[in-house]
Amino acid sequence: MDPVSQLASAGTFRVLKEPLAFLRALELLFAIFAFATCGGYSGGLRLSVDCVNKTESNLSIDVAFAYPFRLHQVTFEVPTCEGKERQKVALIGDSSSSAEFFVTVAVFAFLYSLAATVVYIFFQNKYRENNRGPLIDFIVTVVFSFLWLVGSSAWAKGLSDVKVATDPKEVLLLMSACKQPSNKCMAVHSPVMSSLNTSVVFGFLNFILWAGNIWFVFKETGWHSSSQRYLSDPLERHSSSYNQGGYNQDSYGSSSGYNQQASLGPSSDEFGQQPSGPASFTNQI
């Protein structure tokens with residue numbers, strides 16, 4: 001039997017059924033979807049310019065763009081409809097910073113989730129050995145939750161700018177030939193942004209997963225156990241003081257009863273000694 005089968009038969013992979021490891025596995029999977037749908041994107045649009053002089057027309061102008069969306073570097077040539085001269089046009093905008101930041105967060109989140117899942121499965125004892133592992137895991141989880149929120153928000157804004165810059169109607173306004181009413185300009189094909197929209201969705205889903213996993217990682221740290229002890233100590237002190245108070249009341253009751261009996265004893269003795277006085281007096285007479 002191979003080592004993987006032995007580990008599986010021994011129940012090592014049962015840890016994946018626990019919320020901590022299960023959420024890590026989901027984070028790993030969702031991180032792949034996030035950087036694949038954004039970093040692997042390539043799209044384009046197609047325009048047509050129909051000049052009055054048909055020989056100068058171009059009915060198939062392809063404009064291609066891709067990750068990291070440095071649109072100002074995307075150039076293409078279009079007819080001017082004023083002879084054989086051609087105009088060189090560039091798209092407007094640069095969303096590379098938000099896109100690259102988003103993909104970078106996704107890649108590092110994938111790597112950390114993979115490493116953490118391996119530790120949960122194969123090195124569970126060392127992970128819990130001196131509380132250092134859970135503390136590091138907790139801090140990293142909080143940091144990645146913040147990074148996913150910032151990265152997803154920034155990329156959502158960057159994607160909105162990409163959509164505006166690659167809108168065929170906006171691109172047609174950049175052409176001098178399309179400013180003349182005698183020429184006919186139109187969009188043949190618009191870019192498909194479905195995968196980029198999916199990347200934003202996966203970005204916020206990753207934020208929800210990482211933020212939700214903070215609690216399960218926190219339960220593994222010593223901070224959670226110390227807080228539980230802190231809450232249980234006042235309750236124990238209260239119960240012990242209550243028991244001591246009951247004991248003192250009982251002891252007080254028993255002692256008071258004893259004192260009452262003791263106080264009755266001497267009075268009875270004194271009462272019994274009263275006849276001795278007159279008896280001795282008669283004897284003397």
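Brief remarks follow.
- Cα-based shape type of the stretch 146-223, given that a ≥ b ≥ c are square roots of the gyration tensor eigenvalues and the cut on a/c is 1.5: prolate
- Computed over protein heavy atoms with a 1.4 Å probe, the carbon and sulfur contribution to the accessible area of the stretch 16-221 reaches 64%.
- Extension gain, Lys54 back to Gln87 (0.36 nm per residue minus Cα-Cα distance, nm): 10.2 nm
- Neighbourhood net charge (9 Å Cβ-Cβ; Lys/Arg +1, Asp/Glu -1) for Leu45: -1
- Mean accessible surface per residue for the stretch 16-221, computed with a 1.4 Å probe while every protein chain stays in place, in Å²: 51
- Taking 0.36 nm per residue of separation and subtracting the Cα-Cα distance, full extension of the segment from Lys157 to Ile136 would add 4.4 nm.
- For the pair Val164 and Trp215, the difference between a 0.36 nm per residue extended length and the Cα-Cα distance amounts to 14.4 nm.
- Point-charge dipole on Cβ atoms (K/R +1, D/E -1) for the stretch 16-221, about Cα centre, debye to 20: 160
- Using the Karplus relation 6.51 cos²θ - 1.76 cosθ + 1.60 with θ = phi - 60°, the per-residue 3J(HN,Hα) values for the stretch 130-141 come to 10, 6, 6, x, x, 5, 5, 4, 5, 5, 5, 5 Hz, with x marking Gly and Pro.
- Measuring against 20 Å, Cα to Cα, the residue pairs Lys54/Lys163; Lys84/Lys184; Lys88/Lys157; Lys163/Lys184; Lys157/Lys179 contain Lys54/Lys163; Lys88/Lys157; Lys163/Lys184; Lys157/Lys179 as the ones spanning a longer distance.
- J(HN,Hα) series, the stretch 45-62, from Karplus relation 6.51 cos²θ - 1.76 cosθ + 1.60, nearest Hz, glycine and proline x: 9, 10, 10, 9, 10, 10, 7, 4, 7, 4, 5, 9, 6, 9, 8, 9, 9, 9
- A protection proxy built from the mean count of other Cβ atoms within 10 Å ranks the segments 85-96, 16-27, most packed first, as 16-27, 85-96.
- FRET efficiency, 1/(1 + (r/R0)^6) with R0 45 Å, evaluated for Asn125 and Gln73 via beta carbons: 0.30
- Protection proxy ranking, highest mean first, for peptides 141-149, 126-134: 141-149, 126-134, where packing is the per-residue count of other beta-carbon atoms within 10 Å, averaged.
- Of interest is the spacing of the C-alpha centroids, which for the stretch 94-151 and the stretch 165-190 amounts to 46 Å.
- Those residues of the stretch 142-171 whose amide nitrogen sits under 13 Å from the label point placed on Ala64, 7 Å along Cα→Cβ: none
The values are calculated or read from the model by the stated rules, or taken from the named source; none is laboratory data. Quick caveat, the model's predicted, so the values are computed rather than measured. We place every Cβ from the backbone using ideal geometry, glycine too, and count neighbours over all the protein chains shown. Areas reflect the complete protein model, heavy atoms only, side chains present, ligands, DNA and RNA absent. Shrake-Rupley method; radii C 1.70, N 1.55, O 1.52, S 1.80 Å.
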